[in-house]
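Every number in this text was worked out from the coordinates using simple rules, so none of it is lab data. Keep in mind that this is a model prediction, so the values were computed, not measured. All Cβ positions, even for glycine, are placed from backbone atoms using ideal geometry, and neighbour counts span all protein chains on display.
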Amino acid sequence: MFAILSVDFDYFIHASAEERARFFLKGGEEIPRDQLSALWAEQYARYPELRGIGVVDEYYYLKAFLEGLAGDLWAFRQSDTHRAIKDLIDRIPRELPLRIVNIDFHHDYYHYFSGSDYCNCGNWLRRVMEERPHTAVKWIRRADSQICSLEGEVPFEHTTDLRCVFTERFDCLFMCRSPEWSPPHLSCMYEELVQAALKAPQDSWNQGGLWA
């Protein structure tokens, strides 16, 4: 089985669902990237308390885990958007059993898409499970994360216990920043996670030609 650890930085923001709805930007990936800075500046001006938001303790637990990862990862990929994980998964042979552990505030099993936008940051996991129905999924969520889609509760394992991740082994690590969901004053914290991953032993990364 090929195991992927997927990490969306928005999980670690120390803000409730209510606070996110109030303080954060309205919209998602459809916000033009060149407008994000100005839009966030407006939010900081409107809600000065936004700058006081930090990260939850789980951030430091994961950072320590990433620093100690064994050197048996095939690949590490990072992106601004979670939709990029779909491109990575598409390169894994269909006959290879797949397991995804997704650390994320959102379940990413939503239905929405617009126009020709078949896959986006909110439905990539639904697309993967449609195309690979035997994929095993575990979602590490926050206590107030939304756990339902249009059909009801998401059809995969979910838990608020991030530490359960630390007993598993992974072949691939994917991380995304999600700048439309993450206040920019926390960008340095995301970069620290990336650097923690890069400190892990990497002797076997990218071997085997799968990611060439």
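A Cβ-based charge dipole, computed about the Cα centre of segment 2-199 with Lys and Arg at +1 and Asp and Glu at -1, lands at about 180 debye.
Centre-to-centre, using Cα atoms only, segment 1-78 and segment 140-177 are separated by 15 Å. Taking 7 Å steps out from each Cα toward its Cβ at Gln195 and Glu67 produces label points 1.1 nm apart. This model, with +1 at the C-beta of Lys and Arg and -1 at the C-beta of Asp and Glu, gives segment 146-204 a dipole about its Cα centre of some 240 debye. Equivalent ellipsoid of segment 1-146: semi-axes from √(5λ) of the C-alpha gyration tensor, largest first, are 28, 20, 14 Å. The simple spin-label model puts a point 7 Å past each Cα toward its Cβ; for Ser79 and Arg22 those points are separated by 3.4 nm. For Lys199, a cut-off of 27 angstrom between C-alpha atoms picks up these lysines, skipping any fewer than 8 places away in its own chain: Lys63, Lys86, Lys138. Loop-located trypsin sites (Lys or Arg not before Pro) in segment 1-108 (DSSP state not H, G, I, E or B) with no more than 11 neighbouring Cβ atoms inside 10 Å: Lys26, Arg91, Arg94. Each listed q (0.18, 0.25 Å⁻¹) maps to a log10 I(q)/I(0) for segment 32-109, found by the Debye formula over equal Cα scatterers with no solvent: -1.12, -1.33. Restricting the GluC sites (Glu not before Pro) of segment 130-205 to loop positions (DSSP other than H, G, I, E, B) with no more than 12 neighbouring Cβ atoms within 10 Å leaves Glu151, Glu168.
Bridge orientation summary for segment 2-199: considering DSSP beta bridges with both residues in this region, about 10 percent are antiparallel. Counting only chymotrypsin sites (Phe, Trp or Tyr not before Pro) that are in a DSSP loop and have at most 14 other C-beta atoms within 10 Å, tell me the longest site-free stretch of the chain. Formally, the longest exposed-site-free interval is 1-111. Sorted from greatest to least, the principal axis extents spanned by the alpha carbons of segment 139-194 come out as 36, 29, 19 Å. Among the GluC sites (Glu not before Pro) in segment 21-74, those placed in a DSSP loop whose Cβ has at most 12 other Cβ atoms within 10 Å are Glu30. Considering only Ser149, Met129, Leu25, and ranking their Cα positions along the charge dipole of the chain that arises from unit charges at the beta-carbon of Lys, Arg, Asp and Glu, the one farthest toward the positive end is Met129.
Set the Förster radius R0 to 25 Å, insert the Cβ-Cβ distance between Ser37 and Asp144 as r into 1/(1 + (r/R0)^6), and round the FRET efficiency to 0.05. Here the calculated transfer efficiency is 0.35.
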